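Report on the structure given below.
The values are calculated or read from the model by the stated rules, or taken from the named source; none is laboratory data. All values derive from a computational prediction rather than experimental measurement. Cβ coordinates were reconstructed from backbone atoms using ideal geometry, including for glycine residues, and neighbour counts include every protein chain displayed. Areas reflect the complete protein model, heavy atoms only, side chains present, ligands, DNA and RNA absent. Shrake-Rupley method; radii C 1.70, N 1.55, O 1.52, S 1.80 Å.
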Amino acid sequence: MRPFVFINSAMSADGKISTILRKQVRISGQNDLRRVDTLRAHSDAVMVGIGTILADNPKLTVKSEALTTMRTQQGKPSDPLRVVVDSNARTPLNASVLGARALIAVSQKAPQQTVQTLSKKAEVFVAGEDVVDLVALLSNLKQRGVESLMVEGGARLNFALLDLGLVDEIYTYVGNIVIGGNNAPTLVDGAGFIANFLMLDLRGLSRMDDGFLVRWRVKGRT
Ligand code: NAP
């Protein structure tokens, strides 16, 4: 058992989600940023990989006051549970994501001392020997009442989840810029598929800001 899982990402016209410097770049406009905030506000949890924490240091909170008020009026905490997938407990102790309702998922390989220090700043969940066991993590999230999980990257976590068949939908905002670069991250990196590609079903396509938004349902491997 697992929550409903969707990936949300912004990419350039050439499929890059960042530059070769792997730092956050502005790809979308105001309307898309509001859309992302709304998706977050309607999710029970949001998740990123440690690569995204180290690159962008996101807080992953809901930005709009109206949306946080909506959540509290519904009896929910003002922000969704914020989950970091971090096998080696590399989350910096001053990372913006740390604090109440932050969950750092680590593997058994993570140094014990680091895990102990980290657990003073966030809840730590251990799953998997060398890398975080994503199936166990999602099952745990479901058990604690997470029905909808928004994955906000990055490229390697996206692949791992798609490869394991753990994603239901993908929203991609495609911006009107070209980034290029052999080593710039794309929407999905990791080992990649060489056959039996993952098939998608087009569910929505709309113009937004100076680019477009596409919504896919994941059908599975061929
Ligand atoms: P990432 O996907 O955020 O994190 C990948 C890391 O997660 C892995 O290296 C691995 O590190 C850890 N991990 C733990 N368990 C894992 C598992 N079971 N499977 C896979 N990974 C696991 O990092 P990234 O691929 O480097 O992407 C970061 C880049 O994406 C940055 O440049 C960021 O700016 C960009 N980004 C863009 C957007 C956008 O919408 N445009 C959104 C998010 C991020 P350990 O082995 O140490 O655990």
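Things worth noting here:
- Helices (runs of 4 or more DSSP H) lying entirely in segment 27-78 (those with 1 or more residues that are small (G, A, S) and open to solvent by less than 20 Å² (accessible area, probe 1.4 Å)): 30-41
- Pair list, Cβ under 7 Å, 6 or more apart: segment 138-157 residue open to solvent by 30 Å² or more (accessible area, probe 1.4 Å), other residue among the basic types (K, R): S139/R2; K142/R2
- Top-ranked residue in segment 1-24 [being part of a loop (DSSP other than H, G, I, E, B) and of a type in the set (G, A, S); ranked as most open to solvent (accessible area, probe 1.4 Å)]: A13
- When restricted to residues that are modelled with pLDDT of 95 or more and open to solvent by 50 Å² or more (accessible area, probe 1.4 Å), segment 207-222 contains 7.
- Number of positions in segment 36-67 that are near the ligand (Cβ under 9 Å from one of its atoms) and closer than 13 Å to S78 by Cβ: 0
- Filter result (closer than 14 Å to F6 by Cα, in contact with a helix residue (DSSP H, G or I) (Cβ under 8 Å, 6 or more places away or on another chain) and more than 8 Å from the ligand (Cβ to nearest atom)) within segment 127-160: L149, M150, V151
- Flag for F125 being part of a helix (DSSP H, G or I), without any contact (Cβ under 8 Å) to a residue 40 or more places away in the chain, open to solvent by less than 70 Å² (accessible area, probe 1.4 Å) and of a type outside the set (S, T, Y): no
- Residue that is farthest from G154 (Cα to Cα) [pool: residues in segment 177-195 that are open to solvent by 40 Å² or more (accessible area, probe 1.4 Å) and away from the ligand (no atom under 11 Å from the Cβ)]: A195
- The single condition from (1) more than 19 Å from G145 (Cα to Cα); (2) in contact (Cβ under 8 Å) with a residue 40 or more places away in the chain that Q113 fails is (2).
- Candidate set: segment 1-35, residues that are within 12 Å of the ligand (Cβ to nearest atom), of a type in the set (A, V, I, L, M) and in contact (Cβ under 8 Å) with a residue 40 or more places away in the chain; chosen: the one farthest from N176 (Cα to Cα): I7
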